[in-house]
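All of the numbers you see were taken from the coordinates with simple rules; none came from a lab. Small disclaimer: the values here were computed from a predicted structure and weren't measured. In this analysis, Cβ positions are derived from the backbone assuming ideal geometry, glycine residues included, and neighbour counts consider all displayed protein chains.
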Amino acid sequence: MGERSDEYLMTAFAGGSMEAFERLYARHRGALYRYVLRKVGDPSTANDLYQGAWEKVIRARGKYRRDAPFRAWLYRITYNHVMDFYRRARPEAQVQPDELESTVPGPDQQTEKEARAMSLKNAILKLPPEQKDVLLLKLESGLSIEEIAAVSGIKRETAKSRLRYAVGKLKKSLKEAETSTDNER
């Protein structure tokens, strides 16, 4: 089948080609799973939502329009699926950021890289949901601002602004964490 575009492959899949679906799945599985995992924080829940998103893609294959960017379409389905999960979940059943902390032994046994990764993860968790959404769509899927706006159902400038604020808050949070670590030494 060669290197075909996502849009071509999705159209071929809608026409019955399982090989086209397998290629789409292989191309997008890693980034899509990471996006869902970072949205929900729990691997088990993320796996269920990830599989559910692909099931929705399969069921909606006949509705796909080739002129629509496939990645934006895929992430819109996934985004809506995750939002539906949160709407159905009871507030007390939602995962709290405190519950996501690592159980890895103390900082003396971790590398500086692991500490930075944890600081980044915590900083992302503290972002307001709308800023976290656009940041994760950018980081995990590489979507453009226009595609993020389409996926999120917001204006381009709103998406751009949310991304800018998210990055600013992450920088500030990471700088504070670094200062705190330096003061502890």
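Sort 6-18, 30-42 by packing, meaning the average of other beta carbons within 10 Å per residue, with the highest value first. All intermediate terms of the calculation are to be shown ahead of the outcome.
Details: 6-18: 16.3, 30-42: 18.8.
Packing proxy ranking, top to bottom: 30-42, 6-18.
I need the phi-derived Karplus couplings for segment 76-81: 6.51 cos²θ - 1.76 cosθ + 1.60, θ = phi - 60°, integer Hz, Gly and Pro marked x.
5, 4, 5, 4, 4, 5
Cβ under 13 Å from P69's Cβ, P69 left aside: what net charge do those residues give with Lys, Arg +1 and Asp, Glu -1? Walk me through the numbers before you get to the answer.
Values: positive: R65, R66, R71, R76; negative: D6, E7, D67, E146, E147.
Local net charge: -1.
What does the charge count near N80 come to, summing +1 for each Lys or Arg and -1 for each Asp or Glu among other residues with Cβ under 14 Å from its Cβ?
Details: positive: K39, K56, R59, K63, R76, R87, R88; negative: E55, D84, D133.
Net charge in that neighbourhood comes out at +4.
Over 27 Å between C-alpha atoms is what I'm after, so list which of K63/K160; K121/K160; K56/K172; K63/K121; K155/K175 land there.
Working: K63/K160 29 Å; K121/K160 21 Å; K56/K172 38 Å; K63/K121 36 Å; K155/K175 30 Å.
The answer is K63/K160; K56/K172; K63/K121; K155/K175.
For a footprinting-style exposure proxy, rank E55, E140 by other Cβ within 10 Å, fewest first.
Working: E55 12, E140 19.
If I rank by nearby Cβ atoms, fewest first, I get E55, E140.
I need S141, S173, S44, S161 ordered by Cβ neighbour count within 10 Å, fewest first.
Details: S141 21, S173 17, S44 8, S161 14.
Fewest to most other Cβ atoms nearby, the residues stand as S44, S161, S173, S141.
Can you list residues from other chains, or at least 5 along the same chain, whose modelled amide H is less than 5 Å from the amide H of S17?
none
Ranked by Cβ crowding within 10 angstrom, fewest neighbours first, how are V167, V57 ordered?
Fewest to most other Cβ atoms nearby, the residues stand as V167, V57.
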